[in-house]
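Input: a single structure, listed below in structure tokens.
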Amino acid sequence: MSGAQGHNPIAINPDTCITCMICDYVCPGDVIHQKPRSKELPVIAYPDECWYCGLCEQACPADAITVVFPQEMLDPTTPVTSLLGRDPERRT
Amino acid sequence: MLTWPSMEPTRLHTEVLVIGGGVAGCLAAIQARDAGADVLVADKARFLERAGSVAGGVDQFMTPLNDGPDWDTPEHLMQFVPMLTDGLTDLDVAERAVHELPRVFQRLCDIGIDFTDPTTGEFFRTRAFGLPGEYHLNFDGSLFKHRLGRYTVGHGARFLPRTMITDLLTDATGQRIAGAVGFNCRTGERDAIRATAVVVATGDINRISRNVSGLPFDSWHYPYNTGDGHAMVYRRGARLVNMELVEATLTPLGFSTQGTNSYAGQGAHFLNRHGERFMFKYDPKGEKARRTILVNAVIEEVLAGNEPIYVDIRHLPEDTKDDFVRTLGVDRYTLPSYFRQRGLDIRHELLPIGISEMSIRRGGSYFRGSGLVVDTAAESNLTGLFGAGDCSMVSGGISVAAAMGAIAGRGAVDRVRSTETEPEPDDDSVTDSLGRMAEPLEVEEEDGGGWSDLEDAVRDLVTDYVGMRRTERGLRRAHEGLLDLKQQEALLRATSFHELMRSLEAKNIRLAAELMTVAAAHRTESRSGAAHRRLDHPATDDAVWRKAIVLSHDPATGVDVEYLVERPTPVPASTGGDA
């Protein structure tokens with residue numbers, strides 16, 4: 001399957017996180033899950049489904065979230081030509 | 001096996017159901033509430049304030065303001081619309097939207113959205129997209145959607161959170177919409193909603209082709225818009241238009257974000273690997289050419305082996321560079337931190353750029369759309385079914401979404417008021433909808449791959465054969481592949497309600513790809529630049545093809561094809577281009 005294997009896109013600082021639920025509430029992809037009324041840190045339940053929009057980082061009242069980009073995005077190796085279609089005659 | 005938390009879905013009842021809580025959905029809800037209707041809005045997000053593709057912010061609103069200059073009227077803007085739509089819209093509906101723009105803009109001002117420039121307190125208006133006047137207001141819209149959502153709820157619309165609506169309900173005739181079903185992606189609570197009018201405002205279609213990072217959710221547009229609305233209306237016999245049109249954009253290589261084309265307007269140069277400013281080969285205006293021309297030029301350069309392509313701002317004066325860097329995060333909040341993490345200082349270094357993945361939206365032009373065919377009241381061929389925003393026939397950023405949303409909200413109320421007997425959802429339509437919703441939960445063993453494997457396979461077929469360079473052979477091969485993948489859909493298994501949502505989204509993406517392929521194969525010409533490019537039919541053929549392709553589901557034959565012809569346009573005395 002596709003996805004940045006093993007990469008965690010949302011780093012939460014355990015020292016400053018106040019487990020307030022806001023990141024869970026604002027994430028548009030249902031990626032961040034926080035148990036209500038719990039002191040446990042939020043869980044990045046579906047890291048491969050992150051849009052890297054940073055709504056969580058922006059909304060965090062404790063400034064405890066950093067969006068971290070994966071290697072696939074920071075140092076992409078796919079040539080753009082491979083996205084522009086291929087010859088249907090050629091079987092691979 | 002995962003089971004539903006309750007045996008029966010919760011029965012809800014409303015006059016107007018709005019599916020999708022973005023800009024179009026909120027305006028539909030507000031208008032319907034203005035008329036005193038009972039309104040329920042459902043969205044996959046937890047809060048309406050954070051629902052939709054511009055929840056993170058937006059920076060432009062396009063409207064004439066009737067504020068003095070000749071160009072500043074809907075009539076003047078309307079003269080220009082046929083030049084954008086390229087024969088692929090219903091100009092009566094587009095005209096209705098254009099006239100609604102100043103009205104819905106006033107409504108947004110009235111609810112407390114501040115469109116003024118914070119530094120001057122005045123409207124800051126600019127000319128963009130080659131329009132014949134300064135219709136674009138630049139504003140700080142970082143809280144735009146937040147305010148709009150909050151107002152919508154405060155105005156009395158009820159909100160159904162984290163709810164994916166999966167199918168529409170009809171009455172016994174099958175021609176009258178009577179509600180919808182959905183489920184909560186966390187709790188699995190199901191809802192069967194009875195409604196007299198339904199507004200579908202579910203946005204565009206993404207996650208449908210590959211990109212440079214290889215991460216499907218790294219997309220230029222909102223990756224959680226997956227054609228859910230397109231699929232549900234199609235299954236009930238509504239008509240979809242312009243499904244063959246693709247839209248891609250220039251993007252920093254590795255992070256699909258919008259805004260890169262606007263760098264050109266700010267004075268950036270575009271270079272190829274030889275250091276050549278290649279844009280002048282494609283347009284006398286160089287980097288100031290229209291966006292579709294920019295995208296096409298970059299594609300041509302890549303195909304000519306001149307990759308990598310760069311944006312260069314090194315020559316700009318220091319204060320311009322300051323502005324440039326300061327505004328990077330407006331379109332995407334995380335872009336400045338992306339450059340930091342990449343160690344890229346664009347003041348002093350070249351920025352490598354590429355082409356984003358594709359979306360099905362409107363093929364890059366305002367006032368047309370890829371989706372539900374609607375009339376001037378935003379109603380479809382199914383009574384009681386309305387559409388607005390990027391999932392409908394007339395779209396164009398937040399402005400046209402707001403305008404058509406407002407029109408749909410009023411239309412829905414008119415439909416409610418003129419309905420003597422509230423439509424009753426037919427038992428078969430309820431059973432069929434709930435059955436389809438449950439399919440991935442009932443697959444006991446993981447025989448096939450998961451939803452992401454299915455999506456990957458769709459993206460490969462679309463990227464290779466249905467995207468930027470189309471041929472009959474390639475399209476045929478993609479079509480066969482997409483029909484094969486339909487068989488695999490039955491094997492998709494969900495072990496959580498979140499996974500159920502993604503599985504149903506994956507099926508919707510596959511269906512959208514199939515419809516895209518059918519329409520692209522049908523259109524034996526090229527049209528609208530990169531929006532539809534046939535290598536085997538490279539010329540635009542206005543005599544035969546200046547018409548939109550409309551698809552609908554025929555239970556007997558599969559996909560039924562019709563055409564929609566734009567009304568003839570009188571040649572304007574002045575193009576208004578010098579206004």
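The values are calculated or read from the model by the stated rules, or taken from the named source; none is laboratory data. Bear in mind the structure is a predicted one, so any value in this text is a computation, not a measurement. For neighbour counting, all protein chains shown are included, and Cβ atoms are generated from backbone atoms with ideal geometry for every residue, glycine included.
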Taking B:Ile293 as the residue in question, decide whether it is farther than 18 Å from B:Gly130 by Cα and β-branched (Val, Ile, Thr).
no
Matching residues in region A:34-52 (within 23 Å of B:Pro161 (Cβ to Cβ) and within 8 Å of another protein chain (Cβ to nearest Cβ)) number 5
Condition (residue is β-branched (Val, Ile, Thr) and either modelled with pLDDT of 95 or more or within 25 Å of A:Thr78 (Cβ to Cβ) (or both)) applied to region B:363-373: is it met by at least one residue?
yes
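Considering each of B:Arg96, B:Arg11, B:Arg46, B:Arg33 in turn, give the residue that is within 14 Å of another protein chain (Cβ to nearest Cβ) and either under 27 Å from B:Arg567 (Cα atoms) or modelled with pLDDT of 95 or more (or both).
Only one candidate passes the filter, namely B:Arg46.
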Does B:Glu287 meet the test of being within 14 Å of chain A (Cβ to nearest Cβ), part of a helix (DSSP H, G or I) and of a type in the set (Asp, Glu)?
no
Yes or no: A:Thr66 facing chain B (nearest Cβ under 10 Å), among the β-branched types (Val, Ile, Thr) and within 16 Å of B:Phe255 (Cα to Cα)?
no
Within region B:340-362, track down each residue that is small (Gly, Ala, Ser), modelled with pLDDT of 95 or more and not in a loop (DSSP other than H, G, I, E, B).
B:Ser359
Those residues that are at the interface with chain B (Cβ under 7 Å from one of its Cβ atoms) and among the basic types (Lys, Arg), I need them from region A:69-92; list them, please.
A:Arg86
Are there any pairs, at least 6 apart or on different chains, whose C-beta atoms fall under 8 Å, with the first in region A:11-26 and within 14 Å of another protein chain (Cβ to nearest Cβ) and the second of a type in the set (D, E, K, R), and if so, which?
A:Asp24/B:Arg46; A:Tyr25/B:Arg46; A:Tyr25/B:Arg50; A:Val26/B:Arg46; A:Val26/B:Arg50
Scan region B:66-80 and report the pairs whose first residue is over 19 Å from B:Val394 (Cβ atoms) and whose second residue is among the acidic types (Asp, Glu), with Cβ atoms within less than 9 Å and a gap of 6+ or a chain change.
B:Asn66/B:Asp72; B:Pro69/B:Glu134; B:Trp71/B:Glu134; B:Asp72/B:Glu134
Unmet requirement for B:Glu75, which otherwise passes all of (1) at pLDDT below 95; (2) more than 23 Å from B:Gly363 (Cα to Cα); (3) among the charged types (D, E, K, R)
(1)
Exception for B:Gly22 within (1) under 19 Å from B:Asp191 (Cβ atoms); (2) buried (at least 24 other Cβ atoms within 10 Å of the Cβ) falls at (1)
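To keep it simple, each residue is scored yes or no on (1) assigned to a strand (DSSP E or B); (2) crowded, with 16+ Cβ neighbours inside 10 Å; (3) touching a residue at least 60 places away in the same chain (Cβ under 8 Å).
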residue	(1), (2), (3)
B:Ser219	no, yes, yes
B:Ala231	no, yes, yes
B:Leu245	no, yes, yes
B:Phe255	no, yes, yes
B:Glu276	no, no, no
B:Asp283	no, no, no
B:Glu300	no, no, no
B:Asn306	no, yes, no
B:Asp323	no, no, no
